[in-house]
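Asks: So that we are looking at the same thing, I have put the structure below in structure tokens.
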Amino acid sequence: MSKPLVTILGKMVRNVAKLRGGGSALPGLVVERIDHDFIKNTLSTLPLGIVVISGTNGKTTTTKMVVELLESQGLRVFTNRTGSNFTRGVAAALLGDIDIKGHLHADIAVLELDEAHAVHFVDKIPPRFSLILNVMRDQLDRFGEIDYTTNLLRHIAISTTNTVVLNREDPRIADISKSLEKQKVKFFGLEKKLSSVFPSDDNLHNHSSDQHATIDADVILSEFTDNSATFIIDNQKINTNLKLSGVYNIFNAAAALTLVRAIIGEKTNQSKLIKALSQTKPAFGRGEKLIVDGHPLELVLVKNPSGFQLGLKSFDPIKYATMIAINDNYADGRDMSWLWDVDFTSLMANGVEQVSGSRAYDISLRLKYDNVPVTSTDLDLKKALKHFISNNPDKPKRIYCTYTAMLTLRRSLSKITDVEVIK
Amino acid sequence: MSDKTITILHLYSNDMNIYGDRGNVLCLKCRLEWCGYTPEVIEYNQGDQFPSDVDIIVGGGGQDSGQDKIKSDLQKIGPKLRELADNNVPMLMICGLYQLFGKFFKTADGEIIKGIGLLDIETYGKSERLIGNIITHSEQFGDIVGYENHSGQTFLGNGVQTLGRVRLGAGNNAVDVSEGARYKNVIGSYLHGSLLPKNPDIADFLIEQAVKNRYNEVVSNNIDDGLTRLARKVALKLPR
């Protein structure tokens, strides 16, 4: 089939799917079936090529940061913004952005890809740049084990044609540099005093710390507070305010800065870069703040023990009402044992007001073994949300939730407050 | 709390602790406290001095790299572990250490990893991974609920009994309906969950045996497991 025809057909499916309120992957699937090289042919026209971002935690917010930082440098950027980070999601996002002749008006594509899907993607379309954030045990029911996941990430790095950006503080990720001969390698890192704040998977499970490497890093996070951070770039300390919350988002800002500096090179306009960073907000469900009845309500996506642990570390429970919602659908991970690898004792003093989701009793039981009091448990997410809001009228609220629980909660919340709709 | 201490040994807590194995240790620790004992947890890792006096031993699963790191050390402490098992010390081994407590693990490539032969079981690596929710039934413990995720398939010899008969899922292997193995007070199983919090009868069995060995007394257990029953009810209705 000719390219314009595929494009028109795909766009039609996309519009119909949108009317139906359907998911973002369907039109991509249709186009993929008809034209296997649709993504490759469309993306290969971009002058600055393709950037792939992968890793266990923080892909979505880091991708959003990289896009906004590149735009601050005057580039037109194509990205898979919808959070549907599989190949079909990329095809679907492309359909929204190309013109009727199939031209994509962009300089560069920045794609967030899930580890397993990224491997298939880079085999077809080698990226010019890649950023590998971290590897933590996550959804072992899908990937089997963490060393296997590391090899998927190594494959992405090896397939990269120009520069690979790696996390110096994650020993498995830093080690990938040894497999790279043709590529330039840049690292982002932490000052040593911060290393205990950002545990790698080994630190989290072995209780040992100090994996600090002696490799040079392009951008180093040296200090941070609730709303500001100091980075060391070219031996210069640069302080900036931030709208990002969550320690992991702030460390990933160093990753985004390193990647953008590699892409733009000497022409980087640093003051514009830092200004754009100071205005970046986290992606939906990653410490995102909504307003309900005049009080903030934060959604924190949790999908693996390290992410949950970092979330609990990032957000002080004092003065907040806390809710936890755990589902066990495929996208959430179906094995609940990961909840036992999270230390919930920081919630002991304030307790948890509401627990919900299909595995609500699993998390309640988990909290019981950490002596965390739970006020109310309800398997039904909508009812639980209603209770949570009406029982805590005068308090800011925070909900830790798995992926599909977050989607349900956001739909309910969109009826009572302003919520960015996930396409 | 009484001054009666029960010591739990967490075997290879650094490298054989892949998914929720801490939950089993935490469950034993809390339930011992709730029954009036003072739990003490010792972590044992390769190269450490093996403690002379332990009451319960718990071990978990690891990845291939974790198994490589511990397998020679495990051979060193194997005779000690066998002696403790023969002296009725209760033990719980999940997944990877369950396999290595057996005679051998033959990988899909034909490599043989020697176990310590404490359990009369043999394990063969297969390409297919057995993954999903699992329910088994045991006369002693009733329904046992959890989640399995393993590519090794285990076959039982005459020297062990099965822990449970599979009602949903695969269990030891894709051939028969056995899940887990028992020898004296040693229990091996493939179940994550973590296993003990949602199957407290097994936790209490390990505790009762440990207390009997150490203090020759019967545990008085008034733990309220209402929440556990609700979580189990949900688990019993889950799809594979």
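Asks: Kindly list, by first and then second residue, each pair from a residue in region A:87-99 that is outside any helix (DSSP H, G or I) and surrounded by fewer than 24 Cβ atoms within 10 Å (Cβ to Cβ) to a residue that is basic (K, R) and modelled with pLDDT under 75, limited to pairs with Cβ atoms under 9 Å and residues at least 6 apart or on different chains.
Replies: A:I98/A:K11
Asks: Could I ask something else about it? Looking at the structure I just gave you, is A:I399 more than 13 Å from every other protein chain (Cβ to nearest Cβ), assigned to a helix (DSSP H, G or I), under 17 Å from A:L299 (Cα atoms) and among the β-branched types (V, I, T)?
Replies: no
Asks: I've got another one for you. Under 8 Å by Cβ, and 6 or more places apart or on different chains, what pairs join a residue from region A:205-231 that is in the same structural domain as A:A262 (by TED's automatic domain parsing) and under 30 Å from B:L11 (Cα atoms) with one that is modelled with pLDDT under 95 and in a strand (DSSP E or B)?
Replies: A:H212/A:L190; A:A213/A:G189
Asks: Could we say that A:A360 is farther than 30 Å from B:Y190 by Cα, touching an Asp or Glu at 6+ places or on another chain (Cβ under 9 Å) and at pLDDT 95 or above here?
Replies: Judged against the criteria, A:A360 is not a match.
Asks: Inside region B:59-112, can you point out the residues that are surrounded by fewer than 14 Cβ atoms within 10 Å (Cβ to Cβ) and under 17 Å from the mean Cα position of the chain (by Cα)?
Replies: Correct list: B:D86, B:N88.
Asks: Which residues, counting only those in region B:116-165, are under 15 Å from B:Y183 (Cβ atoms) and touching a residue at least 60 places away in the same chain (Cβ under 8 Å)?
Replies: B:L118, B:L119, B:D120, B:I121, B:Q140
Asks: Here is a follow-up. With the condition kept exactly as written, say whether any residue in region A:209-229 is at pLDDT 95 or above and surrounded by fewer than 16 Cβ atoms within 10 Å (Cβ to Cβ).
Replies: For region A:209-229, residues at pLDDT 95 or above and surrounded by fewer than 16 Cβ atoms within 10 Å (Cβ to Cβ): absent.
Asks: Run B:C35 past the list (1) crowded, with 20+ Cβ neighbours inside 10 Å; (2) touching a strand residue (DSSP E or B) at 6+ places or on another chain (Cβ under 6 Å); (3) more than 14 Å from chain A (Cβ to nearest Cβ) and report the number of the one that doesn't hold.
Replies: Going through the list (1) crowded, with 20+ Cβ neighbours inside 10 Å; (2) touching a strand residue (DSSP E or B) at 6+ places or on another chain (Cβ under 6 Å); (3) more than 14 Å from chain A (Cβ to nearest Cβ), B:C35 breaks only (2).
Asks: Cβ-Cβ distance below 7 Å, separation of 6 or more or different chains: which pairs start in region B:1-30 with a residue that is more than 9 Å from every other protein chain (Cβ to nearest Cβ) and end on one that is aromatic (F, W, Y) and assigned to a helix (DSSP H, G or I)?
Replies: Close Cβ pairs satisfying both conditions: B:K4/B:Y215.
Asks: Could I ask something else about it? For region B:183-218, which residues satisfy the criterion of being more than 25 Å from A:L367 (Cα to Cα) and either within 14 Å of chain A (Cβ to nearest Cβ) or in a loop (DSSP other than H, G, I, E, B) (or both)?
Replies: Residues satisfying the conditions are B:K184, B:N185, B:N216, B:E217, B:V218.
Asks: For A:S245, state whether it is in contact with a His (Cβ under 9 Å, 6 or more places away or on another chain), at pLDDT below 90 and within 26 Å of A:D341 (Cβ to Cβ).
Replies: no
Asks: Could you figure out which of (1) within 30 Å of B:K237 (Cβ to Cβ); (2) more than 14 Å from chain A (Cβ to nearest Cβ) isn't true of B:E111?
Replies: (1)
Asks: B:K114: among the basic types (K, R) and under 30 Å from B:S52 (Cβ atoms), yes or no?
Replies: It is true that B:K114 is among the basic types (K, R) and under 30 Å from B:S52 (Cβ atoms).
Asks: Another question, if that's okay. Counting only residues that are in a helix (DSSP H, G or I) and among the polar types (S, T, N, Q), which one in region A:174-193 is surrounded by the most Cβ atoms within 10 Å (Cβ to Cβ)?
Replies: This residue is A:S177.
Asks: Working only within region A:209-267, note down all residues that are touching a Gly at 6+ places or on another chain (Cβ under 9 Å) and small (G, A, S).
Replies: A:A213, A:A217, A:S245, A:G246, A:A254, A:A255
Asks: Right, another one. Within 14 Å of chain A (Cβ to nearest Cβ) and either in contact with a Leu (Cβ under 6 Å, 6 or more places away or on another chain) or surrounded by fewer than 17 Cβ atoms within 10 Å (Cβ to Cβ) (or both): is that true of B:G47 in this structure?
Replies: Yes.
Asks: Out of all the residues in region B:219-240, which are within 11 Å of chain A (Cβ to nearest Cβ) and surrounded by fewer than 15 Cβ atoms within 10 Å (Cβ to Cβ)?
Replies: If the condition is that a residue be within 11 Å of chain A (Cβ to nearest Cβ) and surrounded by fewer than 15 Cβ atoms within 10 Å (Cβ to Cβ), then B:I223, B:D224, B:G226, B:R229, B:K233, B:K237, B:P239, B:R240 are the ones that fit.
The values are calculated or read from the model by the stated rules, or taken from the named source; none is laboratory data. The structure presented is a predicted model; accordingly, all values stated were derived computationally and were not measured. As a convention, Cβ positions derive from the backbone with ideal geometry for all residues, glycine included, and neighbour counts pool all protein chains shown.
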